[in-house]
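Down below is the structure, laid out as structure tokens.
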Amino acid sequence: MPIHFNDREVVSEVAGLRSALIAPCYMCPAVTVSVREKKPFIQLFRNFLKSAPFEQYITTLQSRLEEHGVKTKVFRSAPSHEWFMCMWTSGKRKKLQKCAEQYDAVIVLGCDSAIETVRDAVKSTGRKVIEGMEVAGIMNAQIRFHLPGNVSFENCMIVPISKCKKL
């Protein structure tokens, strides 16, 4: 099941910066937002392969940052296999690196693995990497399909992640 997130306050972390690239993972964070908003994750015939609640979340984040003088852009992932940031191809990572060069920081909406993907991709640019969300647990839910093509998650429960022992 997807990872569940809590939002982090990023406005204070961008203080003094002029620009930020928002790099979202389009799977787990999108599921989190749709469940929190109690809206369909995807509406196939309205927003094919886009999560409207997550898109609104990103737009709201951009507005908040721009109110504080931070210019933003969203780094998009179109093909569905690139929804999972932790599995991005080397080509996608290079595109992120090139795009990040134009910004002061990259705000990651994703898990620790997504953050590592971004850190690795932009390390040569020296750009600040900001965690936009923090892992709260793993979501245990039932996926539901409702006509006319809505995909939702129901009966959700957040399961804490066990601490791993360091070897």
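Filtering region 67-76 for residues that are of a type in the set (D, E, K, R) and farther than 18 Å from VAL122 by Cα leaves a non-empty set. Residues being closer than 15 Å to VAL118 by Cα and either loosely packed, with under 15 Cβ neighbours inside 10 Å or touching a residue at least 60 places away in the same chain (Cβ under 8 Å) (or both) are represented in region 62-83 by at least one member. Quick one: ILE161 ticks every box in (1) surrounded by 12 or more Cβ atoms within 10 Å (Cβ to Cβ); (2) within 22 Å of PRO2 (Cβ to Cβ); (3) in contact with a helix residue (DSSP H, G or I) (Cβ under 8 Å, 6 or more places away or on another chain) except a single one, so which number is it? With (1) surrounded by 12 or more Cβ atoms within 10 Å (Cβ to Cβ); (2) within 22 Å of PRO2 (Cβ to Cβ); (3) in contact with a helix residue (DSSP H, G or I) (Cβ under 8 Å, 6 or more places away or on another chain) applied to ILE161, the lone miss is (3).
The condition (being in a helix (DSSP H, G or I), at negative phi and among the charged types (D, E, K, R)) is satisfied by just one residue among LYS50, LYS92: LYS92. Somewhere in region 70-88, is a residue modelled with pLDDT under 95, out of contact with any Cys (no Cβ under 6 Å at 6 or more places or on another chain), under 14 Å from VAL31 (Cα atoms) and not acidic (Asp, Glu)? Within region 70-88, one or more residues are modelled with pLDDT under 95, out of contact with any Cys (no Cβ under 6 Å at 6 or more places or on another chain), under 14 Å from VAL31 (Cα atoms) and not acidic (Asp, Glu).
Only one of the numbered conditions (1) part of a loop (DSSP other than H, G, I, E, B); (2) among the hydroxyl-bearing types (Ser, Thr, Tyr); (3) buried (at least 19 other Cβ atoms within 10 Å of the Cβ) is not met by TYR57, and that is (1). For the subset of region 100-152 comprising residues that are in a strand (DSSP E or B) and of a type in the set (D, E, K, R), which member is surrounded by the most Cβ atoms within 10 Å (Cβ to Cβ)? Step by step, filter region 100-152, then rank; the result is GLU131. Pairing residues of region 133-157 that are of a type in the set (Asp, Glu) with residues that are in a strand (DSSP E or B) and exposed (fewer than 14 other Cβ atoms within 10 Å of the Cβ), at Cβ distances under 6 Å and at least 6 apart in sequence or on separate chains, gives GLU134/ASN6; GLU154/GLN142; GLU154/ARG144. Residue pairs whose Cβ atoms lie under 8 Å apart, separated by 6 or more positions or on different chains, with the first residue in region 104-121 and within 18 Å of VAL31 (Cβ to Cβ) and the second of a type in the set (Lys, Arg) and not in a helix (DSSP H, G or I), do not occur.
For region 13-38, taking the residues that are touching a strand residue (DSSP E or B) at 6+ places or on another chain (Cβ under 8 Å) and assigned to a loop (DSSP other than H, G, I, E, B), the one that is surrounded by the fewest Cβ atoms within 10 Å (Cβ to Cβ) is identified as ARG18.
The values are calculated or read from the model by the stated rules, or taken from the named source; none is laboratory data. None of the values given here were measured: they were computed from a predicted structure. Virtual Cβ from ideal backbone geometry, glycine too; neighbours counted across all protein chains shown.
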